[in-house]
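Data block below; observations after.
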Amino acid sequence: MGKKLCGTNYPLSIAFIVVNEFCERFSYYGMRAVLTLYFVNYLHWDRDLSTAIYHAFTSLCYFTPVLGALIADSWLGKFKTIIYLSIVYVIGHVVKSVGAIPTVGDTSMHIALSMVGLILIAFGTGGIKPCVAAFGGDQFEPEHVVETRKFFSIFYMAINAGSVLSMIVTPILRGDVKCFGDDCYALAFGVPAVLMIAALVVFISGSGMYKKVPPEGNILMDVCKCIGFAIKNRFRSSKHDVKRKHWLDWAEEKYSKRLIQEIKMVLRVLTLYLPLPMFWALFDQQGSRWTLQATRMNMAMGEGFTVKPDQMQMLNALLILIFVPIFDCIIYPLVGLCRVNITPLRKMACGMIFAAIAFGLATLVEINVVKSVVEPAGPGESLVQVYNLMEGDLSLSLSVTGSDPFKTPISSFQDPQEYKTLHLGEHSTNLTIHIRSLGSVNHTEITQSYTEQRAYSLILYPVASGNGIEHDLVEDNIEKDPGGNAFLRFISTLPENTSVYLTDVPINVQANYIMSPIQNLTRNRYTRVKCEAPSGAFSYLDLGLLDFGASYTFILKKEGGNFVAARFEDVMANNVNIAWQIPQYVLITVGEVMFSITGLEFSYSQAPANMKSVLQAGWLLTVAFGNVIVLIVAEGGGLEQWAEFVLFACLLVAVCIIFSVMAYFYTYVDPSQLDRLYQEDAAKRESEDELKMKVTEKFTKL
C-alpha cells in the first residue's frame, strides 16, 4: 500500500502528478501565448501565414492524443508513455528556444528549427494529454470515489493556474526584457523549456510511489476493428443472407452483442460531434486573430499600466475559474426555478450562440481599430503626403487630367493629416506636380517617378541660396509596428548636423532637410530629449507622448536661439483601448462553459464507462478539425479581418441551427440500463440452463 498524504486517503504520488501538470501546462500555454507574435515580429511572416501555422500547430496538438492513448494502452503503459514523450517534449522546447536566438544561423535556420521544435512539442503535449489525468486516477483505490473526484478538481485547478500564470509571465519576458537588441523571444521560449524540464524531473522523482497499471489493450482499437469488420461483412454479403436491423449487426459473427450495442450508443453521440469543430474554429482564434487585433489597439490600462497584446489570452483561463462555480451554483439553479428545461444539448447550442456574438463584438472592435490604419494603395495607385517646409503657403496641382488630390493649399509646417491617392494607371509612371507660392505668379514643376502600391512623403523646402523650391521624395512605411511600438524619424532644417538623445545611443540627424532613419520606441512621454549640435549648443525637446502604433516625423528648427521640434503624425496612434476586447473574451468564455464542459458531461452520460476514451478521442478530434478550418480560411479566404470575423460568426450560427435540429431528434439514454439488460439476460440464460440440466437429469434417470 502506497504512502498517504497527512493521514488521508490521498496517495502521496498524486502530489508529483499535480506539480508535473502545473509545470507542463505553464510550458505549453506560455510558449503558445507568444507564438503568433513570434511568427509576425521575429520570422517576419504576414498575419495570414502566421495565423495558418499557429492553427496548424494547435491542430496537430489535438490529433496526437489519439496516438498517445494507443501507445499507452496497447504497448508502453501510461507511465513509460509519459516519460518518453515528455523527453520528446523537452527536446522540442529546447530546439524551439535555440531557433529564437538571432545569432544561430540565418532566417531559414530559424524557420527550420522553429518548425521542428513545434512538431516535437505537438507530439509531446498531445501524446501525454490523455495519459496524465488517467494515470492520476489510477493511483486511487476503487472505493475512494470522493477522493478521486476531488483529485480531478485539484488537477483541473493546476491546469488553469499554470495557464493563467504563464500567459502573464511569458509576454513580460518577451517584451520587457531585451536581448540581441530586440524583444527576447529566446527567453520567452526558454523559460517554458525550463518548466517542462522541471515537470519531467518532478514526475520521475515520484516513480517509486506510483501504482503502474500494465497496458490492457485499447478500446478504441477494438471499436475500429469491430466497425471495420461490420463494414467488410456488409459489403461481402449477398441478397440471400439474413437482413440485419443495423449495419453494425454484421459484426455479430466475431464480436459480442454487448460491444456492438455499446458502439451503437457511442456512434449516436459521435454523430452529434460532426457540427462541433466550428465552435473550436472560433474559440482558438484567441491566440491568433484576437491577439493580432490587440497589437493595433491602445494597450494603456490607466496611467503607468500597460497590457501586452499576448497577455489578453489570460482572461479566458481566469474567467473560466470564476464562471464555472457561478454557472453551477447560481445560473443553472435559477434557470431550473423558472421551470425552463435546459438540457445539455440546449446548453451547448446556447454556448455556440454566445461564441458567435463574441465574434460579432470582435467585428465591431475591428471596424473601429482599422480607422487608425492607413489604407494601402491598390493596383495602379500610390499614396503621397506633402511636407511644406517653406515660409509661406503652397498650392499644388497635378499636370494630368482627372481628379486632383491637392484641392486645398498646404500651410507652412502643416501636419499633412492624411495621405493622398495618386492614380497612376500602370505599374510605375512619372508624374509632374505644379507648385505655386500663394501671392506669387511664379510656379515650380516637380517630376518624380511613382510606383504602384507604395507610399511616399514629398518634402518641399527652400533652396539654400536664393529663391526657389527644392524637393525630396522619400518612400514611407505605413504599416503599424506589430508589437504596438511607435515609429519616428527626424528632418532637420538646421545648417549643421545634430544628435538627438532618445536613449543612450544618439540619433544622428543630418543637416539640410535629409530624412533620418526610422526609429522604433516603446510608448512613453518624451518631454526632455536632448538635442545637441557639434558646436556644443544644445536644447531639450518636448516630443510629447509617442503613442501605440503611431508613426511620427519631427522637423527640427531653431526658434529664439533654441532647438524645437514640429510634430507631424504620419500614421494615427491606436485609438481603441484594449479594454474593448474584454466583452468578447467574457462571451467566448461563457460559450466555453456552456459548450465544452457541458459537452463532455453529456458525452460521458450517454455512453458506457468503458467507452469514455473513445469519446475523449472524438472530442479532441473536433478541436483539431476546428483549427484546420481556421487554417483554410486564413490562407485561402483573402477577406478583410472584419469580414472574416462576420464569416465565422455566420458559419457558427448556421452550424448551431443544424446542431439544434439534430439535438431535437436525439433521444437521451441511460447506459446503466444496458448493464441491467445484460444482467437480466444473463440471469435468464442461467435459469434456462439450470432448467435444461434438471430435465436432462430426469431423462437420464429414466
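Which of the peptides 374-385, 494-505, 275-286 is most tightly packed, and how do the rest follow, going by the mean number of other Cβ atoms within 10 Å of each residue?
Those peptides, ordered most packed to least, come out 275-286, 374-385, 494-505.
What is the spin-label model distance, in nm, from residue 231 to residue 381 if the labels are put 7 Å beyond Cα along the C-beta direction?
Each label point lies 7 Å from its Cα, and together they span 5.2 nm.
With a/c under 1.5 counting as rounded, go ahead and sort the range 426-498 into rounded, prolate or oblate using the C-alpha gyration tensor (a ≥ b ≥ c being the square roots of the eigenvalues; past the cut-off, prolate if a/b is larger than b/c, else oblate).
Oblate shape, in that a/c is at least 1.5 and b/c is the bigger or equal ratio.
Given the -39500 (n - 2.57) contribution per DSSP H run of 4+ residues, what per-residue ellipticity at 222 nm results for the chain, rounded to the nearest 500 deg cm²/dmol?
-17000 deg cm²/dmol
With every protein chain kept in place and ligands, DNA and RNA left out, what is the accessible area per residue of the range 547-623? Probe 1.4 Å, answer in Å².
Ligands and nucleic acids excluded, the figure is 32 Å² per residue.
Sequence-distant or interchain residues sharing an amide H contact under 5 Å with residue 380, placed H: which?
Amide H neighbours of residue 380: 453.
Extension gain residue 448-residue 12, at 0.36 nm per residue separation less the Cα-Cα distance, in nm?
149.2 nm
Using the alpha-carbon centroid of each, what span in Å lies between the range 90-160 and the range 569-635?
19 Å
Quick one: ranking 107, 295 by accessible area, 1.4 Å probe, largest first, what do you get?
Listed by decreasing accessible area, they come as 107, 295.
May I ask you to list the residues of the range 590-615 whose amide nitrogen lies under 17 Å from a point 7 Å from Cα along the Cα→beta-carbon direction of residue 337?
It comes to no residues whatsoever.
Treat every Asp and Glu Cβ in the chain as -1 and every Lys and Arg Cβ as +1, leave all other atoms uncharged, and give the resulting dipole magnitude about the Cα centre to the nearest 20 debye.
That gives the chain a dipole magnitude of about 3320 debye.
Using a 10 angstrom Cβ neighbour count of at most 14 plus a DSSP loop assignment to flag exposed trypsin sites (Lys or Arg not before Pro), which longest range of the chain is free of such sites?
The reported range is 4-210.
Which of the aspartates and glutamates could be linked to residue 612 by a straight reach, that is with a Cα gap under 17 Å, when you skip same-chain ones fewer than 8 residues away?
Once the sequence-local aspartates and glutamates are set aside, what remains near residue 612 is 73, 138, 216, 222, 262, 601, 670, 675.
Pull up the DSSP beta bridges for the chain and report the antiparallel fraction as a percent, rounded to 5.
80 percent
Would you rank 632, 578, 101 by solvent-accessible area, highest first, keeping every protein chain in place and using a 1.4 Å probe?
632, 101, 578
Can you give the FRET efficiency to the nearest 0.05 for residue 411 and residue 640, using r as the Cβ-Cβ distance and R₀ = 41 Å?
Efficiency, from the Cβ-Cβ distance: 0.75.
If I model a spin label at residue 658 and residue 253 as a point 7 Å from the Cα along the Cα→Cβ vector, what separation in nanometres do I get?
According to this spin-label approximation, the distance is 3.6 nm.
Can you give me the span-like helices of the chain, meaning DSSP H runs with 18 Å or more of Cα extent along the axis and Kyte-Doolittle mean at or above 0.0?
The qualifying helices are 13-33, 47-71, 78-99, 107-138, 145-176, 185-205, 219-236, 257-273, 314-326, 344-369, 612-636, 641-664.
Which of rounded, prolate or oblate describes the range 69-194 when judged by the alpha-carbon gyration tensor and an a/c cut-off of 1.5?
oblate
What's the FRET efficiency of residue 108 with residue 475 using the Cβ-Cβ distance as r and R₀ = 35 Å, to the nearest 0.05?
Step by step, r from the Cβ atoms, then E = 0.80.
Could you please put 548, 180 in sequence from largest to smallest accessible area, using a 1.4 Å probe?
Sorted descending by solvent-accessible area, the residues read 180, 548.
In terms of modelled amide H atoms, which long-range or inter-chain residues lie less than 5 Å from the amide H of residue 502?
For residue 502, whose amide H was placed from the backbone, the distant partners under 5 Å are 507.
Answer with a single label: of [x] 28.9, 104; [y] 33.4, 141; [z] 27.4, 97, which was calculated as Rg and Dmax of the Cα atoms in Å from the structure in view?
Calculated Rg and Dmax of the Cα atoms in Å: the matching label is [y].
Just to check I understand the Karplus step: with θ = phi - 60° and J = 6.51 cos²θ - 1.76 cosθ + 1.60, what whole-Hz values come out for the range 288-294, glycine and proline as x?
10, 4, 5, 5, 5, 4, 5
Residue separation times 0.36 nm, minus the C-alpha to C-alpha distance between residue 242 and residue 542: what's the value?
98.8 nm
What dipole magnitude, in Debye to the nearest 20, does the range 348-450 give about its Cα centre under +1 on Lys/Arg Cβ and -1 on Asp/Glu Cβ?
The calculation lands at about 140 debye.
How far, in nm, would the chain grow between residue 535 and residue 141 when pulled straight, counting 0.36 nm per residue and subtracting the alpha carbon separation?
133.4 nm
Would you pull out the residues with amide H under 5 Å of residue 386's amide H, same chain only if 5 or more places away, H placed 1.01 Å from N?
Under 5 Å from the amide H of residue 386 lie the amide H atoms of 458, each far enough along the sequence or on another chain.
How many angstrom separate the Cα center of the range 12-37 from the Cα center of the range 350-390?
Cα centres, the range 12-37 to the range 350-390: 36 Å.
How large a share of the accessible area of the range 452-611, in percent, is made up of carbon and sulfur atoms when the probe is 1.4 Å and the other protein chains stay in place?
Heavy-atom surface of the range 452-611 belonging to carbon and sulfur, 1.4 Å probe: 48 percent.
In what sequence, highest mean first, do 196-202, 391-397, 350-356 appear when ranked by Cβ atoms within 10 angstrom?
350-356, 196-202, 391-397
The values are calculated or read from the model by the stated rules, or taken from the named source; none is laboratory data. All of these numbers come straight from a predicted model, not from anything done at the bench. Positions of Cβ are generated from backbone atoms using ideal geometry, with glycine treated the same way; all protein chains shown enter the neighbour counts. Side chains included, ligands, DNA and RNA excluded: accessible areas come from the protein's heavy atoms. Shrake-Rupley method; radii C 1.70, N 1.55, O 1.52, S 1.80 Å.
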